[in-house]
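**Q** Before I ask anything, here is the structure I am working with.
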Amino acid sequence: MKPFHTIIEPFRIKSVEPLRFTHRGEREAALSAAGWNVFRLHADDVLIDLLTDSGTGAMSSAQWGALMQGDESYAGSRSFYRFRDVVQELTGFKHIIPTHQGRAAERILFHSILKPGQVVPNNNHFDTTRANIEVEEAEARDLVIPEGRVPAALHPFKGNMDLEALARTLAADGDRIPLVMVTVTNNSGGGQPVSMENLRGVRALCDRYKKPFFLDACRFAENAYFVKLRAPGWEKKTPKEIAKEMFALADGCTMSAKKDGLANIGGFLALNDDAWAESCRNLLILTEGFLTYGGLAGYDLEAIARGLEEVVEEPYLKYRIRSTEYLGEKLSEADVPIIRPAGGHAVYIDARALLPHIPPLQYPGIALVNALYVEGGVRGVEIGTVMFGLHPDGTETASAMDLVRLAIPRRVYTQSHIDYVAEVVLAVARKKSELKGYRITGAPKVLRHFTATFEPLR
Ligand SMILES: Cc1ncc(COP(=O)(O)O)c(C=O)c1O
């Protein structure tokens, strides 16, 4: 029998959360009161929330059931051992250190091992990774392949590391490089995957220069599924087998369980080196908590353990990757410029290309985010000049791209929600020439995008 064409959500819904419908006037008033910054909105005023895929997923009934199994013992909790065993079985790493989220794992790793003036190469550092490196007065160096910097360039593994650039960097600055990182999938570059061949190339260079290799593994399962779909020779392997091979190439990883841990909070640091693990554990006790809970409740550890088992299930990944691709297709077919191909967790609209009449310093990304909210209650996020354009010396320049990310929470929205989102984007795109830029009326000096206030230009 031929397989059916429709890819369905591989779950049925047991518990629902009502959405609150608002009309345009209400949304305009809410956004104006929020200083025209969607981060400052009350979430009840948002209909479809695509601000982030981090911690916003729906847990399964098995995860909710696992919460009741949580052992809240301060030390030696049963839930820690269950969590440790699942993480160890998947990653193969020797030391498993729980943290309250991904950036805590980054802070603990980098504060323990980095010295001022050192350099950390990565395909693209996520913003918390970069910030945690820079706060140690080290340099976060992005070495993604050239295609990874061009929104319209098609490449099956657009998140790949530029191996030649990495080889040059290791040759020139090797004595200043304590480790090499690769982010799978590459969030800052559009949620794009990294191939196994590329990861092997990074491993070989790390071996040649005797450097540890770490993964930023937040979306390891999505990356594994892209390998299965796109790389010849991998189609017969399960996503879990591929994920295990990915981890086997590395010496450690940082992880936010809010993404491919299918949990609402949590993370971990996992690594093989005994001395590094010991200094990381000392810092963990100082800032996160005891070794067997690391800032999490026992029930969180249970939810993550179960989530890591569910996230590599093929029906889940098939639905997950297809629903993002489906939104990407709908937008591309209507000539809305997006980063192509669509990423694993999000569709990125090229706001600068869609709104060429709005100069970067009038924030086309903010103009588009705000228009999507006013038009249909859809909340996305600007990844552009507001997020990256302000420099430590107070000057402001256009960022490399002005994007709007529509991140899809895991297992939360159905196909009709996605159809609705596409309709809203298309409605805004039809009146793009009417959209106006913005001016900042107030902003902090760091991470301004979260709290800045704006005013529409007339
Ligand atoms: C690639 C990547 N690394 C690290 C992080 C940080 O994780 P967390 O938000 O749990 O601190 C994120 C979060 O979005 C991410 O996407």
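**Q** Can you work out the Karplus-derived ³J(HN,Hα) for every residue in the range 361-366? Use 6.51 cos²θ - 1.76 cosθ + 1.60 with θ = phi - 60°, whole Hz, and x for glycine or proline.
**A** Residue by residue, the range 361-366 yields 7, 10, 6, x, x, 5 Hz.
**Q** Another one. Can you tell me how the range 4-139 classifies by the Cα gyration tensor, rounded, prolate or oblate, using a/c under 1.5 as the rounded cut?
**A** oblate
**Q** Calculate the dipole size of the range 1-160 relative to its Cα centre from +1 charges on Lys and Arg beta carbons and -1 charges on Asp and Glu beta carbons; express the result in debye to the nearest 20.
**A** 400
**Q** Given a Förster radius of 30 Å and the C-beta distance between Asp274 and Arg176 as r, what FRET efficiency does 1/(1 + (r/R0)^6) yield to the nearest 0.05?
**A** Efficiency computed from Cβ-Cβ geometry: 0.80.
**Q** State the answer as a single residue: which of Leu283, Gly102, Leu406 lies farthest towards the positive end of the charge dipole of the chain, with beta carbon charges of +1 for Lys and Arg and -1 for Asp and Glu, about the Cα centre.
**A** Leu406
**Q** On to the next question. Can you compute 3J(HN,Hα) from phi for each residue in the range 250-264, using the Karplus curve 6.51 cos²θ - 1.76 cosθ + 1.60 with θ = phi - 60°, rounded to whole Hz and x for Gly and Pro?
**A** Per-residue couplings from phi come out as 9, 9, x, 7, 9, 8, 9, 6, 6, 9, 7, x, 6, 10, 8 Hz.
**Q** Rounded to the nearest 20 debye, what is the charge dipole size of the chain about its Cα centre when +1 sits on each Lys and Arg Cβ and -1 on each Asp and Glu Cβ?
**A** 560
**Q** For the chain, take the longest principal axis of its alpha carbons; what is the angle in degrees between that and the long axis of helix 239-248, to the nearest 10 within 0 to 90?
**A** The helix 239-248 is inclined about 60 degrees to the chain.
**Q** Okay, moving on. Given a cut-off of under 8 Å on Cα pairs at least six residues apart, what relative contact order in percent is computed for the chain?
**A** That works out to 22 percent.
**Q** Let me ask something else about it. Can you quote the Å³ per residue value for the convex hull of the Cα atoms in the range 71-124, rounded to an integer?
**A** Looking at the range 71-124, the number lands at 123 Å³ per residue.
**Q** Roughly what would the spin-label model give for Asp335 and Glu28, points 7 Å off Cα along C-beta, in nm?
**A** 2.9
**Q** Separate question: With the full set of protein chains in place, find how many percent of the accessible area of the chain is carbon and sulfur; take the probe as 1.4 Å. Please list the in-between numbers first.
**A** On the way: 10610 of 19500 Å².
Answer for the chain is 54 percent, counting heavy atoms of protein chains only.
**Q** Would you kindly derive the ³J(HN,Hα) couplings of the range 51-68 from the backbone phi angles with the Karplus curve 6.51 cos²θ - 1.76 cosθ + 1.60 (θ = phi - 60°), listing them in order in whole Hz, with x for Gly and Pro?
**A** For the range 51-68, the Karplus-derived couplings read 4, 7, 9, 9, x, 9, x, 9, 7, 7, 4, 5, 5, 4, x, 5, 4, 5 Hz, x marking Gly and Pro.
**Q** Continuing with this model, one more query. Report, to the nearest 10°, how far helix 24-33 tilts away from the longest principal axis of the Cα atoms in the chain, using its own Cα long axis and a range of 0 to 90°.
**A** 60
**Q** Which lysines does Lys432 reach when only Cα atoms under 26 Å apart count, and residues fewer than 8 places away in its own chain are ignored?
**A** Lys330
**Q** Show which aspartates and glutamates lie in cross-link reach of Lys158 when reach means a straight Cα distance below 17 angstrom and same-chain residues fewer than eight apart are skipped.
**A** By straight Cα distance, Lys158 reaches Asp142, Glu147, Glu197, Asp216, Glu222, Glu325, Asp350.
**Q** Under 5 Å between amide hydrogens, which residues at least 5 positions from Ile383 or on another chain qualify, with H placed 1.01 Å from N in the peptide plane?
**A** Leu403, Val404, Arg405
**Q** On to the next question. Leaving out ligands and nucleic acids, and using a 1.4 Å probe, what accessible area per residue does the range 157-232 come to in Å²? Walk me through the numbers before you get to the answer.
**A** Values: 2330 Å² over 76 residues.
For the range 157-232, the solvent-accessible area averages 31 Å² per residue.
**Q** Here's a follow-up. Across the range 203-266, how large is the tail of the calculated P(r) beyond 13 Å, expressed as a percent of all Cα pairs?
**A** 66
**Q** Sticking with this one: Which residues does a label at Arg12 reach in the range 43-74, if reach means a backbone N under 19 Å from a point 7 Å past the Cα toward the Cβ?
**A** 59-65
**Q** I would also like to ask the following. If we count every other residue with Cβ under 14 angstrom of His391's Cβ, Lys/Arg +1 and Asp/Glu -1, where does the sum land?
**A** Taking every Cβ under 14 Å from that of His391, the sum is 0.
**Q** Sticking with this one: Please list, ordered by chain and number, the residues whose modelled amide H lies under 5 Å from the amide H of Ile48; skip anything fewer than 5 residues away on the same chain.
**A** Answer set, sorted by chain and number: Val378, Arg379.
**Q** Could you tell me the center-to-center distance, by alpha carbons, between the range 270-292 and the range 195-269 in angstrom?
**A** 22
**Q** Could I ask something else about it? Straight-line reach from Lys115: which lysines have a Cα under 23 Å away, not including same-chain ones fewer than 8 places off?
**A** Leaving aside lysines fewer than 8 places away in the same chain, those within reach of Lys115 are Lys210, Lys211.
**Q** Relative to the longest principal Cα axis of the chain, at what angle does helix 220-230 sit, 0 to 90 degrees, rounded to 10?
**A** 80
**Q** Which of Phe226, Leu170, Ala303 sits farthest toward the positive end of the charge dipole of the chain, with +1 on the Cβ of Lys and Arg and -1 on the Cβ of Asp and Glu?
**A** Phe226
**Q** Given a Förster radius of 56 Å and the C-beta distance between His111 and Phe4 as r, what FRET efficiency does 1/(1 + (r/R0)^6) yield to the nearest 0.05?
**A** Working from the Cβ atoms, E equals 0.60.
**Q** Same structure again: Using a Förster radius of 22 Å, what is the FRET efficiency between Arg149 and His357 based on their Cβ-Cβ separation? Nearest 0.05, please.
**A** It comes out at approximately 0.40.
**Q** Taking 31 Å as the cut-off for C-alpha to C-alpha distance, list the pairs among Lys228/Lys258; Lys94/Lys445; Lys14/Lys94; Lys228/Lys431 that go past it. Show your work: numbers first, answer last.
**A** Working: Lys228/Lys258 23 Å; Lys94/Lys445 40 Å; Lys14/Lys94 38 Å; Lys228/Lys431 40 Å.
Cα-Cα > 31 Å for Lys94/Lys445; Lys14/Lys94; Lys228/Lys431; rest within.
**Q** Let me ask another. Got a sec? Charge dipole of the range 298-360, +1 on Cβ for Lys and Arg, -1 for Asp and Glu; which of Ile358, Ile321, Ser332 is way out at the positive end?
**A** Ile358
**Q** Where only protein heavy atoms count, and the probe is 1.4 Å, what is the accessible area per residue for the range 1-128 in Å²?
**A** About 55 Å² of surface per residue is accessible.
The values are calculated or read from the model by the stated rules, or taken from the named source; none is laboratory data. Just so you know, these numbers come straight off a predicted model, no measurement behind them. Cβ: placed from backbone, ideal geometry, glycine included. Neighbour counts: every protein chain shown. We work out accessible area using only protein heavy atoms, side chains counted, and drop any ligands, DNA or RNA first. Shrake-Rupley method; radii C 1.70, N 1.55, O 1.52, S 1.80 Å.
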